[in-house]
Amino acid sequence: MENQSERIEKIQHFGHPHSLVFYDEKQGDQSIEACCSACLESLLGCPSISCGDCKFYLHKKCAEAPSEISHSPFHRKHPTLTLKLSSSLCDMCKEKRLMFYYCCTSCLTTLDIKCALRLHNMDENFHELRYIGHEHPLTFIENPKDELKRAYCHWCQKPMVDSVYVCFNCNFYLHKKCAQFPPQLHHPSDRKHLLYLEDDRLVCSLCQRQHWSLFYRCLPCNFDIDIECVRSRSRSIFECEKHSFTQLLRHDPFICDACGTEGNYVSYICSTCHIMIHEKCISLPRVIKTTRHHHNIIHNYFFQKKDLGKRDCGICLSEVKIEYGNYKCLKQDCDYVSHVNCAREMGMYYIIDQVNDEDEESSEKLATNSSITCVIEMNQHEEATKIKHLRHDHVLTLGNKIKEDDDKHCDACMLSISTPFYYCSQCDFLLHKTCAELPRKKHHWFHQSLTTLDSGVFFKCAQCNRFCSGFVYKSDKESRSKFCLRCARISHTLICQGHEHFLFFDFKFKGQCSACGATCKNGVYRCKDCSTFALDFACITLPQAIRCKCDKHFLKLTFHDDNDDPEEYYCDICEEKREPNHWFYHCTVCDNSAHPKCVLGKYPFMKIKIGVTFPDDYHPHDHPLIFVKKSYDTCSICGHPCQDVALECKLCTPNYTFHCNCYLGYLSFLGLL
């Protein structure tokens with residue numbers, strides 16, 4: 001008996017004035033069916049504590065329950081819930097009994113010990129929903145069982161028998177399926193306005209039944225539709241990817257609901273979804289990836305958005321009509337939208353058979369993978385001061401000082417060097433910092449396939465049609481297209497200093513370039529507001545400032561000549577007339593003006609060194625060709641005298657001599673550049 005008494009543990013508990021004795025499940029008279037005074041459940045088979053005099057019993061887990069719960073996510077108004085014995089109504093299960101409750105010291109919120117501990121145990125893994133129409137976050141409770149049997153869903157007024165979202169601050173409850181109703185949507189019966197979700201007693205405009213329900217309402221049109229009609233009659237509109245179209249033979253014009261453009265005579269209708277479309281739009285791809293946007297975009301027959309504000313196409317910058325079809329970004333946090341015909345222009349897209357976010361993210365990571373292979377040193381600002389680069393063998397060092405009269409160029413983009421830049425201490429190699437950080441792989445909006453960064457010695461850019469050297473993006477496909485860095489960096493929509501409005505690239509436009517007067521055949525940048533303004537790739541990529549041998553200062557690109565004297569419209573290099581509305585380069589210090597072609601010269605973006613051998617991989621001639629400076633001989637291609645940089649073969653008799661431009665054009669014609 002002494003050993004047994006030594007094992008008896010006496011406990012003091014705030015809920016009872018006497019000492020309580022601990023029993024494990026093997027001790028005590030288990031034939032007596034007693035209930036826990038805290039949770040009112042049976043003690044059979046459970047460790048417990050009790051007071052023999054008062055018949056006060058507690059489960060061991062109830063006795064060890066915390067006396068306070070602080071900063072519970074299920075009661076945000078006040079910081080503390082305190083445990084006490086009370087006869088209250090539980091805000092979760094709606095039961096009123098004499099038992100232990102967690103009570104707020106500042107308001108009337110109470111949770112019985114069972115409900116409170118259940119919520120507290122899921123505290124670390126609870127899920128919240130920010131629901132439009134309610135000020136507090138809603139907490140998700142999965143399989144609530146009997147705890148919420150007396151609560152009703154705020155929307156549908158049905159008992160809470162399934163997973164729920166709850167706000168105990170406001171006694172606000174929603175079934176999981178009711179919480180997922182969109183707060184606003186478009187419906188085919190009213191395509192011009194958004195319908196907003198409300199709970200009210202109204203007459204449904206479709207089934208003509210008056211009852212209390214969830215309704216989607218359009219106040220301007222006095223149109224109301226209950227949630228059951230939305231579910232039964234509109235499910236195919238929002239979920240179905242296939243429609244049953246029937247040919248409608250009527251000689252009337254119509255607007256296609258799929259693409260938003262006009263049609264005549266024959267149309268096709270889907271009676272389920274109330275849409276009318278062109279024959280060609282029956283097979284519109286559901287999800288595509290356009291070269292103009294980073295994410296996948298999905299076709300919608302009806303414009304669904306959070307507000308009724310104006311939305312412009314991300315390609316042509318014109319308004320997208322809300323009542324017609326469009327392509328919208330699949331990413332919820334991206335508001336990109338485009339016209340159907342714009343997204344599919346010139347085949348600059350491909351069809352996505354299966355949406356895979358991981359593949360899309362990996363593609364984006366690939367496109368931003370830096371060509372810097374190793375960072376050797378960094379400064380206090382976390383800038384890489386010494387690096388190894390994919391396209392150079394030696395270590396490159398970060399520099400930030402340039403002599404005022406230094407006419408050195410970046411070996412990547414061929415433009416005048418500017419700070420910050422990287423230089424090689426072992427050879428005459430320079431890279432702008434931005435050029436050094438270019439991605440190895442890149443998708444271009446004007447080209448369908450992936451491209452790879454290379455250091456092509458000589459090539460012809462497929463966009464601006466200029467002969468170039470330096471870094472190049474080569475197509476990974478059989479097209480063998482090559483793009484210079486100036487074209488590779490430019491966006492498909494932009495603001496140009498020479499024009500007040502946004503410009504977008506139009507593949508189909510044919511006309512004259514406003515900057516140089518040349519005829520544009522392969523598309524231009526144009527303004528949606530000014531129908532006559534257009535710029536070709538060659539002009540849009542002109543450097544904003546450049547050095548020229550005719551002037552010791554930088555010449556700045558100028559867009560309009562404001563001089564009133566026509567005699568001043570001359571080029572100070574070739575001394576020929578200039579068109580005052582065409583772009584030109586100007587030095588404000590010396591008041592010199594010149595044509596862009598005169599300032600740039602014949603080979604503005606090529607690095608040519610006299611005495612260097614032309615690379616063997618690029619030409620079909622049997623012997624090496626060397627860059628020379630000629631003042632005599634004639635070009636073996638065009639027959640004109642060579643008075644500039646030329647290519648010469650010294651092994652042939654007589655010596656072959658070519659204008660550099662003529663030979664590059666010949667290689668381009670053969671498809672070798």
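Going by C-beta contacts inside 10 Å, put Leu390, Leu651 in order with the fewest on the left.
Taking fewest neighbouring Cβ atoms as first place, the list is Leu651, Leu390.
Which residue, chosen from Tyr350, Leu138, Cys662, occupies the Cα position most advanced towards the positive end of the dipole of the chain, where the dipole is computed from +1 (Lys, Arg) and -1 (Asp, Glu) charges on Cβ about the Cα centre?
It is Tyr350, whose Cα lies furthest towards the positive end.
Can you find, among His381, His295, Cys638, the residue sitting farthest towards the positive end of the charge dipole of the chain, where Lys and Arg contribute +1 and Asp and Glu -1 at Cβ?
Sorting the options by dipole projection puts first Cys638.
With a point put 7 Å past each Cα toward its Cβ, work out how far Asp562 is from Cys334 in nm, to one decimal.
If labels sit at Asp562 and Cys334, their model points lie 4.2 nm apart.
Calculate how steeply helix 357-367 sits against the longest principal axis of the alpha-carbon atoms of the chain, using the helix alpha-carbon long axis, and give the answer as 0 to 90 degrees to the nearest 10.
30
To the nearest 500 deg cm²/dmol, what mean residue ellipticity at 222 nm is calculated for the chain from DSSP H runs of n ≥ 4 alone, each contributing -39,500 (n - 2.57), summed and divided by the residues?
-3000 deg cm²/dmol
Run the dipole for region 368-436 about the Cα centre, Lys and Arg Cβ at +1, Asp and Glu Cβ at -1, nothing else charged, and hand back the magnitude in debye, nearest 20. Numbers along the way, then the final one.
Values: 7 positive and 10 negative charges, 40 e Å.
Using only the charged Cβ atoms, the result is roughly 200 debye.
Under a cut-off of 18 Å between alpha-carbon atoms, report the lysines in cross-link reach of Lys10, not counting same-chain residues fewer than 8 places apart.
Leaving aside lysines fewer than 8 places away in the same chain, those within reach of Lys10 are Lys26, Lys55, Lys60, Lys61.
State, as an integer percentage, the relative contact order of region 545-673 based on alpha-carbon contacts under 8 Å between residues 6 or more apart.
14
Between Glu323 and Arg480, what is the label-point separation in nm under the 7 Å Cα-to-beta-carbon projection?
Using points 7 Å along Cα→Cβ, the separation is 5.3 nm.
Which residue, chosen from Cys520, Ile608, Cys62, occupies the Cα position most advanced towards the positive end of the dipole of the chain, where the dipole is computed from +1 (Lys, Arg) and -1 (Asp, Glu) charges on Cβ about the Cα centre?
Cys520
With a 10 Å Cβ neighbour count serving as the proxy for reagent exposure, in which order, fewest first, do Trp583, Trp445, Trp212, Trp155 appear?
The order, fewest Cβ neighbours first, is Trp212, Trp445, Trp155, Trp583.
Relative contact order, percent, of the chain when contacts are C-alpha pairs under 8 Å separated by at least 6 residues? If you can, show how the numbers build up before the last one.
Working: 1286 pairs, mean separation 31.1, N = 673.
For the chain, the relative contact order is 5 percent.
For a quick check: sort Asp112, Asp454 by the number of other beta carbons within 10 angstrom, fewest at the front. Working shown, then result.
On the way: Asp112 26, Asp454 15.
By the 10 Å Cβ count, ascending: Asp454, Asp112.
So which trypsin sites (Lys or Arg not before Pro) in region 266-297 are both in a DSSP loop and have at most 16 other Cβ atoms within 10 Å of their Cβ?
The qualifying sites are Arg286.
List the relative contact order of region 570-613 as a percent without decimals, with contacts defined as Cα pairs under 8 Å and 6+ residues apart.
Result for region 570-613 is 33 percent.
About the Cα centre of the chain, what is the dipole size in debye to 20, counting +1 per Lys and Arg Cβ and -1 per Asp and Glu Cβ, all else neutral?
The calculated dipole for the chain is roughly 1000 debye.
Excluding same-chain residues fewer than 8 positions from Lys577, which lysines have a Cα within less than 24 Å of its Cα?
Reachable lysines: Lys549, Lys552, Lys556, Lys597, Lys602.
FYI, it's all coordinate maths here, none of it is from the lab. It should be emphasised that the depicted structure is a prediction, and the values quoted were computed from it without experimental measurement. As a convention, Cβ positions derive from the backbone with ideal geometry for all residues, glycine included, and neighbour counts pool all protein chains shown.
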